[in-house]
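S.K.: Dropping the structure in here first, questions after.
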Amino acid sequence: MAGRRHFCGQGLSIQSTACVDTSTLLGRFDGQSRLLLTTLMSGVSGAKAALTVFQRQQRANSESTLTNFILTLCRDEITSSAEALTLSVKPLVCLFPPVFKQNLLIFLYLVNSAFPGPTVLLLLRCLAQDSSPSPWVRALGRLLERKLEMNFKDPLYSEQCRQKLKQLSENLGGSSEAGGWAECFNSQTEESESYCGCDLLEHGTQRKRRASFDAHVDADGEEAVQESKRLKMDNMHVDEPVDAEDEEVRMDTQGGSASAAETPADRPQDGLPEHIRGSVLHMKELLESQAEWDQSATDVFKVLNECNPTQVEVLCETLNFPILPEHTLPKLCNSILSLSPDLSYSTAASLIRSILLQKVSSLSEPASRCLVTAVTSLCSRYPRPMCRAVIEPVLEDRNIGPPQTELLNRLIESCLDSHYRLLMLQMTFRIPWSEAVLSIIHSLLDSKLLLNEEVFTQLTEQLISQGPHFTKSVKFAKMMLTVLTKHSSHVTAAQKHSLASCLNSNETFLKKSLQASLKRIPDA
C-alpha cells in the first residue's frame, strides 16, 4: 500500500463498498468538477450533457482542463467490505456507479483533444482494477485506446459475445430456404421475454450486421429484414457490445447498460399522476422555447402546490433544473414567485436546491446578472429554504471561493433579515473556517446583527479554537476588531482573558489595535 501513488496531494480515506454515498464522493472534487460529475451520473444522456457543461466552462475559462479532474478520479481510496470485514485499496473512479463510468468514457471519447493521452491511459488502468466491470465499460475503454492509438490488439468484444454473434449470423444469413430473419425473430420471441430492457444494439449496428450477411437472402427474408427495422432489439439477449463506428458510439452506447437504459428525464410519467405529468411536459416545452411567457404559461406552475416531496424531486429531475441555462432563470423564478399560496417549505427547498445549488457551487467567476436575480428574488421570498438548500451547503463546501463569497454577502446585505443572518452565523460554527468564510462572518457581524449571550459564547469559542490557524490573516484580525468594538458588551471576564491569549499570537499590523480595544472593555 505504501508504494501506491496518491494524487492531488490528498491522503487515503475509507469508503464502504456495500453502500457508497455518491455525495461523499462528490466532496473530493472542486465545484466545476462536481458539476461535471453530477451531469455524468444523470443517466442515458449524461455524456452529451457533460460535453455541453464542459464547453461552457471552457468558454468561461479558456485555461480550464480535465487533467485534475481525471487525476482525482485516479486517486486511491481505502474501501471496506461489510461481508468480508476486510480493507482494500481501489481508485476512486471504481467506487462510482456503472452508468457514471460508461458516460465518463463516452464523454472522454468525444473530447479526447482536451487532455493528454497518458492521463486517459492512467484512468483506463484504474478502471481495469474494477472487480466487476460492465461489458460496455470494458468495450468503451478499448475503443478509447484505439482512438488514442494505444491498443489495437484487444478485441472490443469477448469470446462469449463472439460465439453468440456467430450463432446469430448462421441463423440469419446465407440460406435460400424459408426462414432467415423472420425465423430468427420468431424463435427469439419466447426466449427473450425475461430479458426486457436490453437496448444494446441500435440502428447503426443493425446496418453494419446486415451488410455482413450473404447477398442471397430470399424474398421472404428480405421482407422480414424490412419488418425487423421496426422491431425492438430487446427481443434479442446480447450481453456485450460489438465494434461500431465513431458516430455509432455517440448514439448506441447511451443505451448500453440495463442500469442506465432510462432516467426520469426520459420517463417523465414515472411517479407522477396524469394531470401533473401533462403540466411537467408543458413546463419542459416552455423552458426549451425562446418565446416570452404569458399568464397562461405561468399558470402551469400552479401544479407545484399539488406535488408531494417525492413528486417534486421527480419533477426537478425531469426538467433538468441543475443544468438549466441561466438566461431562463428569471422567467422560471418569476413564475414560481407568482404562485399563491406560497410553496411549502419542503417544496421550496427542493426547487431552490435543484435550480441554484450546482450553479452557485460551480462558480469560478462573479455570478451573472440572471443568476444573481434568481438567487436574490427566491431568497427574499423563501429565506429559510434558501438557507438550508443553498447557503448551508455552499458554506460547508471546502472549495468555496470569492464568487460564492460575493454572492452570499449580497444576500446578507439585501435579502436576509436579522433572524436568518443569525442562523447563517451559527452555520459557520459547525465548519472549519477559511479566508472565504471569514469574509462572510465579518459581513454578518458588521450588519448590525443582534447577538444573544448564547450565540456570542459560541462565537467566542470559535475565535479561540480557530484563531491559531489565522495568526497572519488580516481578515481574521478585522473580524476580531469588529467583535471587540461592536459587540464588547457581551464579553465576560473569562472570555476577555481567553481572547487576550488568542491576540498574543496575532502577527498582523492590527495586533496593537486589537489589544487596545480589548483593554478598553471593562472587567465584569
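S.K.: Express the carbon and sulfur contribution to the solvent-accessible surface of the range 451-523 as a percent, rounded to the nearest whole number, probe 1.4 angstrom.
M.R.: On the range 451-523, the fraction of accessible area on carbon and sulfur atoms equals 52 percent.
S.K.: Roll a 1.4 Å probe over the protein chains and send me the accessible area per residue for the range 274-447 in Å².
M.R.: About 42 Å² of surface per residue is accessible.
S.K.: Let me ask you something else. To the nearest 0.05, what FRET efficiency results for GLU365 and ALA291 with a Förster distance of 25 Å applied to their C-beta separation?
M.R.: It comes to 0.25.
S.K.: Measure up LYS284/LYS331; LYS48/LYS331; LYS448/LYS511; LYS448/LYS486 against 19 Å on the Cα-Cα distance and list the ones that go over.
M.R.: Those over the limit are LYS48/LYS331; LYS448/LYS511.
S.K.: Could you give me D for the range 303-378, from Stokes-Einstein at 37 °C and 0.692 mPa s, where the hydrodynamic radius is the Kirkwood radius over C-alpha pairs? Units µm² s⁻¹, please.
M.R.: The estimated diffusion coefficient comes to 257 µm²/s.
S.K.: Kindly report the accessible area of the range 451-523 per residue (heavy atoms of protein chains, probe 1.4 Å, no ligands, DNA or RNA), in Å².
M.R.: Ligands and nucleic acids excluded, the result is 54 Å² per residue.
S.K.: With just the Cα atoms defining each centre, how far is the range 441-512 from the range 24-77? Give it in Å.
M.R.: Cα centres, the range 441-512 to the range 24-77: 39 Å.
S.K.: OK, next. Could you check how much of the accessible area of the range 313-391 is carbon and sulfur, as a whole percent, using a 1.4 Å probe?
M.R.: Within the range 313-391, the accessible surface is 52 percent carbon and sulfur.
S.K.: Given +1 on the Cβ of Lys and Arg, -1 on the Cβ of Asp and Glu, and no further charges, what dipole in debye does the range 451-523 carry about its Cα centre, rounded to the nearest 20?
M.R.: 420 debye
S.K.: Sort 485-495, 46-56, 424-434 by packing, meaning the average of other beta carbons within 10 Å per residue, with the highest value first.
M.R.: Top of the packing list down: 46-56, 424-434, 485-495.
S.K.: Let me ask something additional. Picking from SER377, HIS282, LEU324, whose Cα lies most toward the positive end of the charge dipole for the range 274-447 (charges on Cβ: Lys, Arg +1; Asp, Glu -1)?
M.R.: Of the listed residues, the answer is SER377.
S.K.: On to the next question. I need two numbers for the range 380-419: Rg to one decimal and Dmax as a whole number, Cα atoms only, in Å.
M.R.: When restricted to the Cα atoms of the range 380-419, Rg and Dmax are 10.1, 28 Å.
S.K.: Taking just the alpha carbons, could you work out the radius of gyration and Dmax for the range 274-447, both in angstroms?
M.R.: That works out to 16.4, 51 Å for Rg and Dmax.
S.K.: Output the peptides 135-141, 512-518, 93-99, 448-454 sorted from most to least packed, where packing is the average of other Cβ atoms within 10 Å over each peptide's residues.
M.R.: 135-141, 93-99, 512-518, 448-454
S.K.: Still on this structure, I have one more. Going toward the positive end of the dipole of the range 393-480, with +1 on Lys and Arg Cβ and -1 on Asp and Glu Cβ, which of PRO432, THR457, LEU416 do you reach last?
M.R.: PRO432
The values are calculated or read from the model by the stated rules, or taken from the named source; none is laboratory data. Quick caveat: nothing in here was measured; it's all calculated off a predicted structure. Neighbour counts run over all protein chains shown; Cβ positions are idealised from the backbone, glycine included. These area figures cover heavy atoms from the full protein model, side chains too; ligands, DNA and RNA do not enter into them. Shrake-Rupley method; radii C 1.70, N 1.55, O 1.52, S 1.80 Å.
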